């Protein structure tokens, strides 16, 4: 069930609607915070707004790559299903 929750990212509070459990939401926020920490160490002196945008770009790239991998895996699964079907006939 969707609900409104307050999350804190980079020391700032945000309200959002989500149907994630508290544990799932905490995992997502921790992942984002870890990404920000990693980027902050490798981009010393970068303004915070740019750092946040860079984190968003990194996360978008990860999502894009995962979607491509999932698509390839789904294609392979369909191929294997067809082969098995052919063998069973």
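The values are calculated or read from the model by the stated rules, or taken from the named source; none is laboratory data. None of these values were measured; they are calculated from a predicted model. Here the Cβ is made from the backbone with ideal geometry for all residues, glycine too, and neighbour counts use every protein chain on show.
Some observations on this one:
- Exactly one residue out of 9, 44, 5 is exposed (fewer than 10 other Cβ atoms within 10 Å of the Cβ) and more than 14 Å from the chain's Cα centre (by Cα), and it is 44.
- Residue 49 being surrounded by fewer than 12 Cβ atoms within 10 Å (Cβ to Cβ), modelled with pLDDT of 95 or more, in a helix (DSSP H, G or I) and on the phi < 0 side of the Ramachandran plot: no
- Residues of the stretch 41-57 satisfying the condition of being in contact with a helix residue (DSSP H, G or I) (Cβ under 9 Å, 6 or more places away or on another chain) and more than 19 Å from residue 7 (Cβ to Cβ): 43, 46, 54
- Considering only residues in the stretch 14-40 that are touching a helix residue (DSSP H, G or I) at 6+ places or on another chain (Cβ under 8 Å) and over 16 Å from residue 62 (Cα atoms), the one that is modelled with the lowest pLDDT turns out to be 40.
- Here residue 54 does not fit the description of being closer than 20 Å to residue 12 by Cα, surrounded by 10 or more Cβ atoms within 10 Å (Cβ to Cβ) and in contact with a strand residue (DSSP E or B) (Cβ under 9 Å, 6 or more places away or on another chain).
- Condition check for residue 20: free of Cβ contacts under 8 Å to residues at least 24 places away in the same chain and in a helix (DSSP H, G or I): no
- For residue 72: the one exception among (1) part of a helix (DSSP H, G or I); (2) surrounded by 11 or more Cβ atoms within 10 Å (Cβ to Cβ); (3) without any contact (Cβ under 8 Å) to a residue 40 or more places away in the chain: (2)
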